[in-house]
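Worksheet: one structure, shown below.
The values are calculated or read from the model by the stated rules, or taken from the named source; none is laboratory data. Fair warning: this is a prediction, and the values are worked out from it, not measured in the lab. Don't worry about glycine lacking a Cβ; one is built from the backbone with ideal geometry, like all the others, and counts go over all protein chains shown. Heads up: the accessible areas ignore ligands, DNA and RNA and are worked out on the full protein's heavy atoms, side chains in. Shrake-Rupley method; radii C 1.70, N 1.55, O 1.52, S 1.80 Å.
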Amino acid sequence: MIHYRIARDTDEPAHLRVEMEIELTTRQASGAIAVYLPEWRPGRYELGHFSRNLRRLRCTTPTGHIIQIEAIDRASWRIHPDGHRKMHLTYLYRADQPDAGGCYVDQQLIYVNPIHCCLYTQEHRDQPLTAQILTPDGWNTACGLPKTGDTFSAIHYDEWVDMPLLASPFIIQHTFEHQNLKLKLWMHTQTQPNCIVTGK
């Protein structure tokens, strides 16, 4: 299973800090395992060179033992667990693209497109995963995934990367129904919008 924790980095404020916890089987831990950053994006038929924004990739055990990493190509890396069944990856991702197709972070907003910044393994791609967005007190989060406490859940990696996420103290939610479907509209704004959303 994989668990992600994502936050604005305190030392590099234009960056997301991503932590990724991976649990391996005994067989996986006895060999090498590859991690990948996608170069595709849901709904867009274009190549995305997201790895150019990734920096300071590091892998350790839960006790702090450093695990060797080597680059395979521009968007994949090989890790040698050396028998350790739990790995902790950390890295920075530059998030300064303020549009719906990127990632962005500042003092009042965290916008995450997981396809840009979340590594994966082929061994875990079809397995359930969890993710936390770490924010200051008073912030709200908006995402299409189910949430328990402060943790989102996805049935597999491909569902996770198809669910952009907002976090901010300035998020407004409007709920309405249309043809027996309950819909939620989330907006990031510091003023109440002068509009009415109907199901017609």
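State in Å² the accessible area per residue of the chain; use a 1.4 Å probe, count heavy atoms of protein chains only, and round to the nearest integer. Walk me through the numbers on the way to the answer.
Values: 11150 Å² over 200 residues.
Ligands and nucleic acids excluded, the figure is 56 Å² per residue.
Net charge within 15 Å of E12 by Cβ-Cβ distance, Lys/Arg positive one each and Asp/Glu negative one each, not counting E12 itself?
Numbers: positive: R8, R17, R55, R56, R58, R94; negative: D9, D11, E19, D96, D106.
Result for the local shell: +1.
Running a GNM on the chain with Cα contacts under 10 Å, which residue among D73, D150, D158 ends up with the highest mean-square fluctuation? It is D73. What relative contact order, as a whole-number percentage, does the range 49-175 give when Cα pairs under 8 Å and 6 or more residues apart are counted? Relative contact order, the range 49-175: 21 percent.
With the convex hull drawn over the C-alpha atoms of the chain, the volume per residue is 145 Å³.
Charge dipole of the range 83-159 (Cα centre as origin; +1 on each Lys and Arg Cβ, -1 on each Asp and Glu Cβ, all else neutral): 300 debye, rounded to the nearest 20. Within the shell defined by Cβ-Cβ distances under 15 Å, the residues around M163 carry a net charge of 0, with Lys and Arg each +1 and Asp and Glu each -1. Solvent-accessible area of the range 64-130 (1.4 angstrom probe, protein heavy atoms only): carbon and sulfur portion equals 45 percent.
A cut-off under 9 angstrom between Cβ atoms defines the neighbours of I115, and their net charge, with Lys, Arg +1 and Asp, Glu -1, is 0. When L166, L183, L129 are compared by accessible area at a 1.4 angstrom probe, the order from most to least is L183, L166, L129.
Please list, by residue number, everything in the range 15-55 whose backbone N is under 11 Å from a paramagnetic label point 7 Å out along Cα→Cβ of E123. Zone members listed by number: 22-35.
From the helices alone, meaning DSSP H stretches of at least four residues, give me the mean residue ellipticity at 222 nm for the chain, per-run term -39500 (n - 2.57), in deg cm²/dmol to the nearest 500.
On the way: 3 runs with 12 residues, N = 200.
Result for the chain: -1000 deg cm²/dmol, rounded to the nearest 500.
Quote the charge dipole size of the chain about the Cα centre in Debye, to the nearest 20; the model charges only the Cβ of Lys and Arg (+1) and of Asp and Glu (-1).
Numbers: 20 positive and 22 negative charges, 15 e Å.
It comes to approximately 60 debye.
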